[in-house]
Structures are given as C-alpha cells and as structure tokens.
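Some notes on the structure that comes next.
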Amino acid sequence: MLQPKIGRIDGSHYLPTSSDTSLWGLLPNRGHLPVLHVASGETVTIDTLSHEGILEDQGRDPVAYLAGFGVGADRVLTDAREFAASGIPHDYDNDGPHVVTGPISVAGAEPGDVLRVDVLSLLIRAPYGFVSSRHGYGALPGEFPETPADTGPRPDGTREYNSVCVFTEVVEEAGRLHGVIPFGKGRSARFPLAPFLGLMGVASDTDAPVHSVPPGPFGGNLDINELQVGSSLYLPVQVPGAGFYAGDPHYAQGDGEVALTALEAPLRATLRLSVIPAAQARALLGALDEPFAETATHWLPVGLHTDLNEAMRRAVRAAVGFLERTQGMERPKALAYLSAAADFEVSQVVDQVKGVHCMIRKADFGL
C-alpha cells in the first residue's frame with residue numbers, strides 16, 4: 001500500500017487528492033482556482049485516486065465494499081476512505097465518475113501556448129483494482145452487463161444498480177507485475193500491467209460545467225494507453241496558467257476499453273509540466289487543434305469525435321498535417337506513408353467522444 005505522503009515522492013511538489021484539491025465528475029474550467037502553483041519545467045507528484053470502490057453503485061464506502069473481496073481495512077487507502085466520506089457532492093446519474101486532481105497553475109502559460117506533460121514515474125498504490133461494466137455504457141450497451149438493468153429506488157431509498165465490477169488482484173511474476181482475473185474452475189487470465197493516467201488535461205475556457213467523461217481539445221479523458229512512463233502529452237493551453245489536472249489512473253487497458261473501464265486502480269504519478277510558447281510550439285508540432293503525444297519511439301497524432309469514423313478521419317488529417325509541417329513531407333506522400341507504415345489505433349469507444357491515435361515510427365524518419 002502506498003498511503004498519502006508515505007514512501008517515494010519523486011517530484012519537487014507533492015499534491016494529495018482530497019475534497020479540497022479535486023473535483024468529482026467534472027473538469028476544471030476558467031473559474032476554478034488553482035490548488036497548486038508551479039514554475040514551468042518543475043515536477044509534481046500527484047497521488048491520484050480511482051473512482052472504483054467509492055462510487056454510489058458500490059456503496060460509497062470503500063472499506064465495506066472491499067471487505068466483500070477479502071480486503072482488510074488496513075489495505076484500503078486512507079485518502080479513498082476520506083474522500084468517500086467527505087460529503088463532496090456527486091450525482092451518479094449525471095456527473096462523470098472520475099476523481100480529478102487539480103487544477104495546477106503553471107507560470108507563464110497563456111492561451112495559444114502548449115503545455116508539455118512528461119510522465120516521469122508511475123507507482124501503483126494498491127495491489128488490486130477493478131474492471132467494471134455498467135448499464136447503458138461500454139461498447140455493447142444493452143448487451144452487457146448481462147444482469148437486469150437498474151430498477152430505480154427501492155422502498156428503503158437505496159437503488160439496485162446491478163453493475164458488474166470484476167475485482168482484479170495484482171501479483172508479481174518473473175519480476176513483473178500482472179493483473180489476475182480468475183475464471184472457470186481454478187483457471188485465470190494473467191496480463192502484464194502497463195500503468196498510465198487515463199485523464200490529463202488543461203482547464204477549458206468556459207464558465208459552464210465540464211463533464212469529466214468526454215475528451216476534447218483540452219485533453220481530459222483521452223484513455224490513450226501509450227501515455228506510460230517516458231511519454232509526453234502536448235495540450236493546447238486554453239486559459240492563463242493552463243490549469244492542469246490529472247486522474248482516472250489505470251494499471252492496464254486494451255485499445256478500445258470495451259467493457260467501459262480499464263483496470264482502474266490508484267497511481268502515484270510524477271509529471272514535469274513545461275510551457276512551450278506558441279511560436280516554438282508551431283515549429284515543433286505544427287498547428288495543434290487536438291492533443292498530441294509522443295513516446296521514445298513514436299509520434300501520436302490524435303483524432304476525437306462522437307462518430308468513430310470521423311475520429312478516424314481527424315486522426316488521418318492530423319497525421320498528414322504533422323508530417324507535412326514538421327518533416328516537410330508532401331501531403332500525397334505523407335498519406336501514402338501512413339497507409340503503408342503507420343498504425344491507427346482506437347484509443348477508446350466508451351467516453352461519448354471516441355478517440356483514435358496514430359502510431360508514427362520516429363525511426364522511419366532517421367530519428
């Protein structure tokens with residue numbers, strides 16, 4: 001267990017998650033006051049919380065809920081217990097599920113600039129998590145979960161949500177952490193962990209509430225599983241100070257995230273937040289209308305839209321434009337290269353706004 005403030009903290013700043021430093025189901029907008037101020041290029045360690053175990057369909061009591069899976073109270077994070085009991089408003093039916101930590105103000109960030117987020121370390125905080133399917137959501141709404149739909153309020157005022165939340169233990173095998181999903185008679189599926197933050201973004205330039213589920217030009221709930229340690233995410237700044245936030249920690253996720261959630265579980269994330277001035281950003285990245293990511297080996301242009309076909313088209317346009325502006329590649333040849341050598345992967349299909357990211361190998365361009 002990696003409890004708040006205990007153990008390794010890699011950043012020069014530390015930000016815990018509490019009812020005072022986070023939102024539940026909403027993303028920061030221009031009206032939200034920063035909970036932390038940092039200089040460009042500084043690092044911050046954020047103890048992120050998963051919503052799994054604290055949501056209303058799980059009783060909003062992580063100690064009682066996890067006890068049903070044999071997890072003792074001493075193996076429940078104290079910040080999860082305190083957050084669930086804090087009384088922070090949350091509407092299960094209308095708000096997003098995510099616990100969103102921030103916003104963080106980055107000195108010098110102005111609209112038109114780009115915020116670069118380098119993922120420096122990701123430490124698991126608990127040896128378990130959940131993969132959940134809920135009625136009306138996921139890639140097969142109406143087919144899964146294969147339980148009755150919510151019946152609404154019962155006479156005692158409670159609800160029968162009938163969500164299916166699969167408890168998943170984490171074990172170490174051959175020097176690597178794996179998630180374990182038991183099935184059948186004594187069998188199990190075991191898969192390697194690949195932690196990342198599903199949700200990273202900047203504050204939107206609006207006074208209206210911003211739901212935490214759909215991603216957008218501000219980033220948010222992108223669910224791009226390539227954003228692991230060593231990756232960078234580039235976000236177009238919308239408001240002065242950028243208003244960076246993070247949440248939705250994952251231990252592993254397949255492309256598509258088809259059940260509704262990934263392996264949801266809490267992470268201690270250390271990130272470097274750096275402002276790239278507008279003119280420099282254009283030279284490095286080209287015009288940036290959507291978030292953009294990179295790893296040590298790949299560039300990742302992104303396409304977002306409620307229609308998956310249009311998300312794909314936007315990802316292709318973004319990839320062609322990126323190669324044209326940054327590599328000097330003629331557009332017909334850029335499209336030909338993408339068709340021959342690049343992979344377009346479905347980030348997720350479960351967040352209202354669907355995502356596609358393109359994997360362009362840097363080595364193909366001598367880098």
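Tell me, what is the per residue accessible area of the chain in Å², probe radius 1.4 Å?
Details: 15330 Å² over 367 residues.
Value returned for the chain: 42 Å² of accessible area per residue.
Over the heavy atoms of ARG8, what accessible area does a 1.4 Å probe trace out, to the nearest 10 Å²?
Spelled out: ARG8, probe radius 1.4 Å, area about 130 Å².
Which three extents, in angstrom, do the Cα atoms of the stretch 238-357 have along their principal axes, listed largest first?
44, 34, 27
Given the rule -39500 (n - 2.57) for each run of at least 4 DSSP H residues, summed and divided by the residues of the chain, what is its mean residue ellipticity at 222 nm, to the nearest 500 deg cm²/dmol?
Values: 5 runs with 53 residues, N = 367.
The per-residue figure over the chain is -4500 deg cm²/dmol.
Once the cut-off is 19 Å, how many percent of the Cα-Cα pairs in the stretch 48-196 end up in the long-distance tail?
Details: 7212 of 11026 pairs.
Everything past 19 Å amounts to 65 percent.
Loop-only check: which trypsin sites (Lys or Arg not before Pro) in the stretch 181-274 are DSSP coil with at most 12 other Cβ within 10 angstrom?
Working: sites: LYS185, ARG187, ARG190, ARG268, ARG272; in loops: LYS185.
Here the sparse-neighbourhood loop sites are LYS185.
Out of the stretch 147-228, which GluC sites (Glu not before Pro) are coil in DSSP terms and have no more than 10 other C-beta atoms within 10 Å? Could the numbers behind the result be given before it?
On the way: sites: GLU160, GLU169, GLU172, GLU173, GLU226; in loops: GLU160, GLU226.
Those that pass, being in a loop and sparsely packed, number zero.
Check cross-link reach from LYS362 to the lysines: straight Cα distance under 23 Å, and skip same-chain residues fewer than eight apart.
Once the sequence-local lysines are set aside, what remains near LYS362 is LYS333.
Would you work out which of VAL171, PRO217, ALA283 lies farthest towards the positive end of the dipole of the stretch 165-312? Charges go on Cβ: Lys and Arg +1, Asp and Glu -1.
Among VAL171, PRO217, ALA283, the one farthest towards the positive end of the dipole of the stretch 165-312 is VAL171.
Which of (i) 37, 27, 20; (ii) 33, 28, 20; (iii) 33, 24, 20 is the computed semi-axes √(5λ) of the Cα gyration tensor in Å for the structure on display?
The value matching this structure is (iii).
For HIS357, HIS90, give me the order by solvent-accessible area with a 1.4 Å probe, most accessible first, ignoring ligands, DNA and RNA.
Numbers: HIS357 0, HIS90 30 Å².
My answer, sorted largest first, is HIS90, HIS357.
Could you check how much of the accessible area of the stretch 90-180 is carbon and sulfur, as a whole percent, using a 1.4 Å probe? Before the final figure, lay out each step's value.
Numbers: 2180 of 4190 Å².
Percent of accessible area from carbon and sulfur atoms in the stretch 90-180: 52.
Please go through the stretch 169-225 and write out the chymotrypsin sites (Phe, Trp or Tyr not before Pro) that DSSP classes as loop and that have at most 16 other C-beta atoms within 10 Å. Don't skip to the answer; put the middle values down first.
On the way: sites: PHE183, PHE196, PHE218; in loops: PHE218.
For chymotrypsin sites (Phe, Trp or Tyr not before Pro) across the stretch 169-225 that sit outside H, G, I, E and B with at most 16 neighbouring Cβ atoms in 10 Å, the list is empty.
If you average over every viewing direction, what projected area does the convex hull of the Cα atoms of the stretch 56-114 give, in nm²?
Mean orientational projected area (the stretch 56-114, Cα hull): 6.6 nm².
How big is the charge dipole of the stretch 61-181 about its Cα centre, in debye rounded to the nearest 20, if each Lys and Arg gets +1 on its Cβ and each Asp and Glu gets -1 on its Cβ? Write out the running numbers ahead of the final one.
On the way: 8 positive and 18 negative charges, 40 e Å.
In total the dipole reaches around 200 debye.
In what sequence, largest accessible area first, do HIS250, HIS298, HIS37 appear using a 1.4 Å probe? Provide the component values of the computation, followed by the final result.
Details: HIS250 0, HIS298 40, HIS37 125 Å².
Descending accessible area places them as HIS37, HIS298, HIS250.
Compute the signed sum of charges (Lys and Arg +1, Asp and Glu -1) over the other residues within less than 11 Å, Cβ to Cβ, of THR21.
Working: positive: none; negative: ASP20, ASP47, ASP79.
Around THR21, the surrounding residues sum to -3.
The values are calculated or read from the model by the stated rules, or taken from the named source; none is laboratory data. This structure is a prediction, so every number in the text was calculated from the model and none was measured. Note that each Cβ is placed from the backbone with ideal geometry, even for glycine, and that neighbours are counted across all protein chains shown. Surface accessibility is based on the protein's heavy atoms, side chains included, excluding ligands, DNA and RNA. Shrake-Rupley method; radii C 1.70, N 1.55, O 1.52, S 1.80 Å.
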